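**Q** Dumping the structure here so I can ask a few things about it.
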Amino acid sequence: MAAAAAAACVVALLLLPLAASAYGDGLGRAAVGVNWGTMTSHPILPCEVVRMLAANGVARVKMFDADPWTAGALAHTGIRVMLAVPNDQLARLAGDPRRAYRWAEQNVSAYLEAGVDVRYVAVGNEPFLKSYSGSLINVTFPALKNMQRALDKLGLGDHVKAVVPLNADVYNSPENKPVPSAGCFRKDINALMVDIVNFLNMNNAPFVVNIYPFLSLYQNPNFPLNFSFFDGGSKPVYDKGMVYTNVFDANFDTLVWSLRKAGVPDMKIIVGEVGWPTDGDKHANVRYAQKFYDGFLKKMVRNIGTPLRPGWMEVYLFALIDENQKSVLPGRFERHWGLLTYDGKPKFSMDLSGDGLDNLVGVEVEYLPAQWCVFNKDAKDKYKDLPAAVNYACSNADCTPLGYGSSCNNLSHDGNISYAFNIYFQTMDQDVRACSFEGLAKITTINASQGGCLFPVQILSASERVVPLRFLPTSFLILLMVVSILT
């Protein structure tokens, strides 16, 4: 079965046309890529995801690791790739240059040889978040330097650049002067940031920043809603002759000012993450997400840029697919950033190709049987052990849609119980033992969805990993295709 799956991937990828970057590869129009995260209980087969990327004209992908299962699927597609070193590996890379060299050799060099168009290595992800309590401050810059030097030593430094994706909280403007020109890097890391940006600039590497207008709204109850979007519906901000009608431009230009003050006024900036979630908060819904993306993508197509940096931009939308295993410590919305639902379906119409077609292509998947697990109202002593049962279900599956302001917030008491039981049942691949709860639950073939609340049926997981294609000789790949045809 693994051989057949591998063969199917080979055939699918061989039939793909070389991808043309979204919006013309930045030739006159912005380069729009996507973030491909994999923190999900039921991943979709990577080659099917890559097929979808090609169908939508997406040719830039930012990853959060260097997993051969996903990265290997991007070989010979023409898609430009940003690999990543996870935060938990930064200390090892910082403490020993040889480890950085081995990482670069085993990942970057190997992938390039296999046909993966690697352009960047992200050293960590938002390592200076205040929630990390400074735990990565002393290791990030040494790890960055070791990685870039390893790339240089391998003869790859001109083609592949080491970068550090940073949250927009590394810079700010004072509360008494909240305008971009007053911006500078955070006081507690200012000296470190100056060193980092000068090192990046010296190596012709960009500053990668994650900007989230949604978070401005989420974190500040007094933030003007319309300033999050791009239709000019909010009171503008005036600053040194510049006019700001949305928070994205204001945030981006606050970074531009910070870079100027750090001595690198012309440094290239890449927006590593930008997007809007569709569930998990009162402002996280499909209507606002579609409004945000409609305005943002039109801005990218028109090559408007920002007041201080008009013109071409390189941005990565966050994220490609919902991830039901992400931490919800920042908020319940964290599992709902995807342009696509858990099963690869577009949440709303949008155009990633830049051709005005407004027909986002999804992914074809296989589903488990059409059955649901619901609350058994006929159970004896049905309320005795119910709190513990619901808590157990939601501790092991994704119940975030039940939260305040979320898509399933209006369910009845019994509806909430059924949702919890069903999502656990689906997460456990519909194992009949996962729909027992000591008699409190039962399986039904009647769709349990209610109103705007979807009771999902899980997809057939592709998590049974096959041998990464880049490690298979050509003769074996041909044999696999023959086996696939014969079987």
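The values are calculated or read from the model by the stated rules, or taken from the named source; none is laboratory data. What you see is a predicted model, and the numbers here were worked out from it, not measured in a lab. Neighbour counts are summed over all protein chains in view; Cβ atoms, including those assigned to glycine, are modelled from backbone coordinates with ideal geometry. Each accessible area value is taken on the protein alone, full model and side chains, heavy atoms only, with ligands, DNA and RNA left out. Shrake-Rupley method; radii C 1.70, N 1.55, O 1.52, S 1.80 Å.
**Q** I'd like to know if the range 245-265 contains one or more residues that are closer than 15 Å to residue 215 by Cα, aromatic (Phe, Trp, Tyr) and either crowded, with 23+ Cβ neighbours inside 10 Å or touching a Lys or Arg at 6+ places or on another chain (Cβ under 9 Å) (or both).
**A** yes
**Q** Right, another one. Test of understanding: among 305, 338, which residue is open to solvent by less than 20 Å² (accessible area, probe 1.4 Å) and within 30 Å of residue 240 (Cα to Cα)?
**A** After applying the criteria, what remains is 305.
**Q** I would also like to ask the following. Which residues, counting only those in the range 198-224, are over 24 Å from the mean Cα position of the chain (by Cα) and either part of a loop (DSSP other than H, G, I, E, B) or surrounded by fewer than 18 Cβ atoms within 10 Å (Cβ to Cβ) (or both)?
**A** Hits for the range 198-224 are 198, 199, 202, 203, 204, 221, 222, 223, 224.
**Q** Also, quick follow-up: Take residue 195 and decide whether it is surrounded by fewer than 22 Cβ atoms within 10 Å (Cβ to Cβ) and closer than 30 Å to residue 284 by Cβ.
**A** The answer is no for residue 195.
**Q** Of the residues in the range 89-127, how many are in contact with a Ser or Thr (Cβ under 7 Å, 6 or more places away or on another chain) and more than 23 Å from residue 74 (Cα to Cα)?
**A** Total meeting the criteria: 2.
**Q** Can you tell me which of 303, 324, 285 is over 30 Å from residue 48 (Cβ atoms) and either out of contact with any strand residue (DSSP E or B) (no Cβ under 6 Å at 6 or more places or on another chain) or modelled with pLDDT of 95 or more (or both)?
**A** 303
Every residue, every condition in (1) in contact (Cβ under 8 Å) with a residue 40 or more places away in the chain; (2) not assigned by the TED database to the domain that holds residue 454, yes or no:
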residue	(1), (2)
348	yes, yes
376	yes, no
383	no, no
407	yes, no
412	no, no
421	yes, no
427	yes, no
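**Q** Quick test for you: out of 150, 91, pick the one residue that is open to solvent by 40 Å² or more (accessible area, probe 1.4 Å) and hydrophobic (A, V, I, L, M, F, W, C). Reasoning before the result, please.
**A** Working: 150 fails: open to solvent by 40 Å² or more (accessible area, probe 1.4 Å).
Matching residue, one of 150, 91: 91.
**Q** Looking at (1) in contact with a Pro (Cβ under 9 Å, 6 or more places away or on another chain); (2) surrounded by fewer than 17 Cβ atoms within 10 Å (Cβ to Cβ); (3) closer than 21 Å to residue 213 by Cβ, can you tell me which one residue 331 breaks?
**A** Condition not satisfied by residue 331: (2).
**Q** Another question, if that's okay. Assuming residue 480 fulfils every condition listed in (1) open to solvent by 20 Å² or more (accessible area, probe 1.4 Å); (2) more than 26 Å from residue 337 (Cβ to Cβ); (3) at pLDDT below 95; (4) more than 28 Å from the chain's Cα centre (by Cα) apart from one, which condition is it?
**A** In the conditions (1) open to solvent by 20 Å² or more (accessible area, probe 1.4 Å); (2) more than 26 Å from residue 337 (Cβ to Cβ); (3) at pLDDT below 95; (4) more than 28 Å from the chain's Cα centre (by Cα), residue 480 misses (1) alone.
**Q** So which residues in the range 393-431 are over 19 Å from residue 327 (Cβ atoms), in a helix (DSSP H, G or I) and either among the β-branched types (Val, Ile, Thr) or open to solvent by 60 Å² or more (accessible area, probe 1.4 Å) (or both), if there are any at all?
**A** Passing the criteria: 413, 417.
**Q** Same structure again: Which numbered condition trips up residue 227, out of (1) free of Cβ contacts under 8 Å to residues at least 24 places away in the same chain; (2) open to solvent by 60 Å² or more (accessible area, probe 1.4 Å)?
**A** (2)
**Q** Okay, next question. Could you tell me whether the range 273-286 includes any residue that is more than 28 Å from residue 37 (Cα to Cα) and of a type outside the set (Ser, Thr, Tyr)?
**A** Taking every residue of the range 273-286 in turn, none turns out to be more than 28 Å from residue 37 (Cα to Cα) and of a type outside the set (Ser, Thr, Tyr).
**Q** Evaluate the following for residue 77: is it among the β-branched types (Val, Ile, Thr), open to solvent by 40 Å² or more (accessible area, probe 1.4 Å) and not in a helix (DSSP H, G or I)?
**A** no
Okay, residues lined up against (1) touching a residue at least 24 places away in the same chain (Cβ under 8 Å); (2) in contact with a Phe, Trp or Tyr (Cβ under 6 Å, 6 or more places away or on another chain); (3) open to solvent by less than 10 Å² (accessible area, probe 1.4 Å); (4) assigned to a helix (DSSP H, G or I):
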position: 32; (1), (2), (3), (4): yes, yes, yes, no
position: 35; (1), (2), (3), (4): yes, yes, yes, no
position: 39; (1), (2), (3), (4): yes, no, no, no
position: 44; (1), (2), (3), (4): yes, no, no, no
position: 47; (1), (2), (3), (4): yes, no, yes, yes
position: 53; (1), (2), (3), (4): yes, no, yes, yes
position: 57; (1), (2), (3), (4): yes, no, no, no
position: 69; (1), (2), (3), (4): yes, no, no, yes
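**Q** For residue 98, indicate whether it is open to solvent by 70 Å² or more (accessible area, probe 1.4 Å), basic (Lys, Arg) and in the same structural domain as residue 195 (by the TED database).
**A** Criteria met by residue 98.
**Q** So is residue 374 touching a helix residue (DSSP H, G or I) at 6+ places or on another chain (Cβ under 9 Å), farther than 28 Å from residue 396 by Cβ and outside any loop (DSSP other than H, G, I, E, B) or not? Working first, answer last.
**A** On the way: touching a helix residue (DSSP H, G or I) at 6+ places or on another chain (Cβ under 9 Å): yes; farther than 28 Å from residue 396 by Cβ: no; outside any loop (DSSP other than H, G, I, E, B): yes.
So residue 374 fails the test.
**Q** Counting residues that are in contact with a strand residue (DSSP E or B) (Cβ under 8 Å, 6 or more places away or on another chain), which helices (runs of 4 or more DSSP H) fully inside the range 93-165 reach at least 3?
**A** 137-153
**Q** How many residues does the range 341-382 hold that are at positive phi, open to solvent by less than 40 Å² (accessible area, probe 1.4 Å) and at pLDDT below 90? Please lay out each step first, then the result.
**A** Step one: filter the range 341-382 for residues at positive phi, giving 344, 354, 356, 358, 381.
Now narrow it down to the ones that are open to solvent by less than 40 Å² (accessible area, probe 1.4 Å): 344, 354.
With at pLDDT below 90 added as a condition, the list becomes 354.
Qualifying residue count for the region: 1.
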